[in-house]
Amino acid sequence: MARVVIAGMGFGGLRAAKGLAGSGLEVLLLDQYNYHLFHPLLYQVATASVEQENIAYPIRAIFRSWRNVRFRLARVEGVDLGTNRVLTDSGPIDYDYLVLSVGSASEFYGLDAVRRIAHTLKDMDDAVDLRNQILSCFERASIEPDPAKRAALLTFVIVGGGPTGVEFSGALAELVRHALRKDYPELERDSVRIVLVEALPNLLPLFSNSLREYARHRLERLGVKVRTGQPVVEARPDGVVLRDGTEIAAYTLFWAAGVRAAPLTETLPGAKDRVGRLIVRPDLRHPDYDNVFVIGDMAHVEQGGKVLPMLAPVAMQEGAYVAAAILAQESGREMAPFRYRDKGQMAIIGRNAAVAHAFGIQMRGFLAWLAWLALHLYYLIGFRNRLFALLNWAYAYLLLDPKLRLITRPLPKPGSEGNEEVVKGGERR
C-alpha cells in the first residue's frame with residue numbers, strides 16, 4: 001500500500017486528506033499542532049469577539065471516520081527528496097507521495113525592528129497575545145498620569161490594508177466604541193486612536209474601486225484614521241515612522257502588511273519567487289520530483305498571466321486537485337493542469353457592513369455582512385464551534401457588549417523589570 005504523507009493541516013492539507021480518505025492508500029497527516037485552525041477568524045479572538053476554542057478543531061476528531069488515515073504530532077524540519085523521507089522533530093518518515101502544505105509566515109520586508117516589535121496573527125498564541133496587549137494598554141492608560149504616554153498607550157497602529165488589516169481595524173473600533181469606553185470611564189471619550197496604514201494607494205487591492213471606497217468610508221465613520229500610500233520605514237517600541245516622515249507614537253503595532261512562504265520552502269531545491277514560494281509545475285508537482293506536490297502558500301502558481309493569491313480558497317482547491325492527481329497517477333491516468341475557479345472575495349467592516357464580490361456580483365453593506373457571516377459559519381468545522389461562534393456574535397450584536405475581554409497573563413507592577421516589554425510588545429518568541 002502506497003503511503004501519502006501530508007505535511008500541514010491547514011485548508012489545503014485538510015482538503016487533500018479528505019480527498020484521499022478511503023482510497024486504499026495509507027495517508028499520514030503531520031502537523032505541529034493537534035488541531036485545524038480557522039485562520040480567518042483569528043482577529044476576532046484578538047478583539048474579544050469569539051473564544052479561541054471556537055475556531056479550532058482537533059485533527060483526530062476530523063478524520064475519525066476516514067479509513068486508512070492517521071495523524072502524528074510532529075514539526076517538519078526538512079525533506080530528503082533523494083531518499084523520500086520527511087525529516088521531523090520526532091524522526092524521519094518515509095513516503096511514496098508527499099504533499100507539502102505548511103503555510104506561510106509574516107513578511108517584514110527587511111524591517112528587523114518591525115519583526116521584533118510588531119504583533120502578527122499567524123497562530124492562536126498570536127491572537128491571545130494581541131488581545132492581552134490591547135486590554136493591557138487600556139489598563140495602563142487608566143492610571144497613567146503623563147498625557148503623552150497615555151495617548152501612546154491608546155494609539156493602535158495597524159499596518160496592511162488587505163482583508164486582515166481592514167477587518168481587524170473595524171473590529172477593534174467596534175470593541176472600543178461599544179465596550180471599552182464603558183469599561184474605562186476615567187478615559188476621555190475620544191482618546192483612542194486607531195490608525196490603518198497601507199503602502200499602496202488603496203485599501204483592499206483585490207476589490208473594485210467602488211468597494212474599496214466604501215470600505216474606507218465605513219472605517220472612517222468608525223473613527224479609524226486611514227493612511228494610504230505611506231509605507232512604514234522605521235519602528236520603535238514607542239512608535240512608527242512613515243515614509244513621509246510622519247511619526248506616530250504608539251505602544252501597539254499590528255503587522256498585516258504581507259506574507260511569505262513558510263521557512264521550510266527555503267530548504268527545497270528549485271526556483272522561488274520574491275516571497276519565497278516554490279515555482280511548481282502546472283500540476284502542482286515539484287519541478288524535479290513527480291511524487292512531491294507543493295500547495296497553498298508555499299506554491300507559486302500562475303494562471304492567466306497572474307500569480308494566484310495566498311488565500312484559503314486557493315489552497316482548498318489545490319488540495320482537492322492534488323488528491324485527485326495522486327489517485328490518477330496510481331491508476332495510470334493523466335490529469336489536466338490545475339485550474340483555480342475564483343469564487344470571489346469578501347471582507348467585513350464592523351457592524352452591519354461588509355464588501356463582497358462573487359461570480360461577477362458585487363455586494364456591500366448589510367447583505368454582504370450577512371453573506372460573510374453565513375460563509376464563515378459554513379466553513380467552521382464542528383457543530384459546537386458553529387453554535388458558539390454564532391451565539392457570541394449574536395450576544396455582541398444584540399447587547400453591544402462582548403464578554404471575552406480577558407487578560408490571560410499577569411501584568412507586571414508599574415516600574416517593575418520587564419514592564420516596558422509587556423506594554424510595547426517586545427519579542428514574544
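Just checking, which of Val159, Val195 is closer than 20 Å to Ala113 by Cα and surrounded by fewer than 23 Cβ atoms within 10 Å (Cβ to Cβ)?
Val195
Whether any residue in region 317-338 is among the aliphatic types (A, V, I, L, M) and closer than 21 Å to Glu220 by Cα is what I want to check.
No, every residue in region 317-338 fails to be among the aliphatic types (A, V, I, L, M) and closer than 21 Å to Glu220 by Cα.
Scan (1) surrounded by fewer than 21 Cβ atoms within 10 Å (Cβ to Cβ); (2) at pLDDT 95 or above; (3) within 30 Å of Ala199 (Cβ to Cβ); (4) of a type outside the set (Lys, Arg) for the single condition Gly110 breaks and write down its number.
Single failed check for Gly110: (2).
Give region 93-115 a look and list any residue that's more than 16 Å from the chain's Cα centre (by Cα) and within 23 Å of Gln32 (Cα to Cα), or say none.
Ile93, Asp94, Tyr95, Asp96, Tyr97, Leu98, Val99, Leu100, Arg115
For region 333-372, enumerate the residues that are out of contact with any helix residue (DSSP H, G or I) (no Cβ under 6 Å at 6 or more places or on another chain), of a type in the set (A, V, I, L, M) and within 24 Å of Gly296 (Cα to Cα).
Ala336, Ala358, listed by residue number.
Of the conditions (1) assigned by TED's automatic domain parsing to the domain that holds Gly365; (2) over 21 Å from the mean Cα position of the chain (by Cα); (3) under 29 Å from Gly103 (Cβ atoms), Glu213 fails just one. Which one is it?
It fails just one condition, (3).
State which residue is nearest to Ala46 (Cα to Cα) when the search covers only region 371-411 and only residues that are among the charged types (D, E, K, R) and surrounded by 15 or more Cβ atoms within 10 Å (Cβ to Cβ).
Arg405
Test Gly258 against the criterion of being among the small types (Gly, Ala, Ser), surrounded by fewer than 23 Cβ atoms within 10 Å (Cβ to Cβ), in contact (Cβ under 8 Å) with a residue 40 or more places away in the chain and out of contact with any Cys (no Cβ under 7 Å at 6 or more places or on another chain), and give yes or no.
Taking the combined requirement at face value, the residue satisfies it.
Which of the strands (runs of 3 or more DSSP E) found entirely inside region 149-240 contain at least 2 residues meeting this: touching a Phe, Trp or Tyr at 6+ places or on another chain (Cβ under 6 Å)?
By residue number, 155-159.
Okay, residues lined up against (1) in a loop (DSSP other than H, G, I, E, B); (2) not charged (D, E, K, R); (3) not assigned by TED's automatic domain parsing to the domain that holds Asn132:
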{"site": "Glu266", "(1), (2), (3)": "no, no, yes"}
{"site": "Gly270", "(1), (2), (3)": "yes, yes, yes"}
{"site": "Arg274", "(1), (2), (3)": "yes, no, yes"}
{"site": "Val314", "(1), (2), (3)": "no, yes, yes"}
{"site": "Gln317", "(1), (2), (3)": "no, yes, yes"}
{"site": "Val322", "(1), (2), (3)": "no, yes, yes"}
{"site": "Ala325", "(1), (2), (3)": "no, yes, yes"}
{"site": "Ala336", "(1), (2), (3)": "yes, yes, yes"}
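Sort out which residues of region 241-259 are part of a strand (DSSP E or B) and farther than 30 Å from Val102 by Cβ, and write them in order of number.
Within region 241-259, Val241, Leu242, Glu247, Ile248, Ala249 qualify.
Which of the residues belonging to region 276-307 are in a strand (DSSP E or B) and basic (Lys, Arg)?
The answer is Arg285, Lys306.
Within region 82-114, count every residue that is in contact with a Phe, Trp or Tyr (Cβ under 6 Å, 6 or more places away or on another chain), more than 22 Å from Glu167 (Cα to Cα) and not in a strand (DSSP E or B).
Residues flagged as in contact with a Phe, Trp or Tyr (Cβ under 6 Å, 6 or more places away or on another chain), more than 22 Å from Glu167 (Cα to Cα) and not in a strand (DSSP E or B) within region 82-114 amount to 1.
Within region 81-98, does at least one residue satisfy the condition of being surrounded by fewer than 21 Cβ atoms within 10 Å (Cβ to Cβ) and closer than 25 Å to Glu234 by Cβ?
no
Kindly establish whether Arg75 is at negative phi and over 23 Å from the mean Cα position of the chain (by Cα).
Answer is no for this residue.
Show the residue pairs that are 6+ apart or on different chains and have beta-carbon atoms under 6 Å apart, the first residue being within region 383-406 and assigned to a helix (DSSP H, G or I), the second being at pLDDT below 90 and among the charged types (D, E, K, R).
none
Among the residues in region 85-94, are any touching a helix residue (DSSP H, G or I) at 6+ places or on another chain (Cβ under 6 Å) and either within 30 Å of Arg405 (Cβ to Cβ) or not polar (S, T, N, Q) (or both)?
No.
Tell me, which helices (runs of 4 or more DSSP H) lie completely within region 8-79 with 2 or more residues that are without any contact (Cβ under 8 Å) to a residue 60 or more places away in the chain?
Here the list reads 59-62.
The values are calculated or read from the model by the stated rules, or taken from the named source; none is laboratory data. None of these values were measured; they are calculated from a predicted model. All Cβ positions, glycine included, derive from the backbone under ideal geometry; neighbour counts span all protein chains shown.
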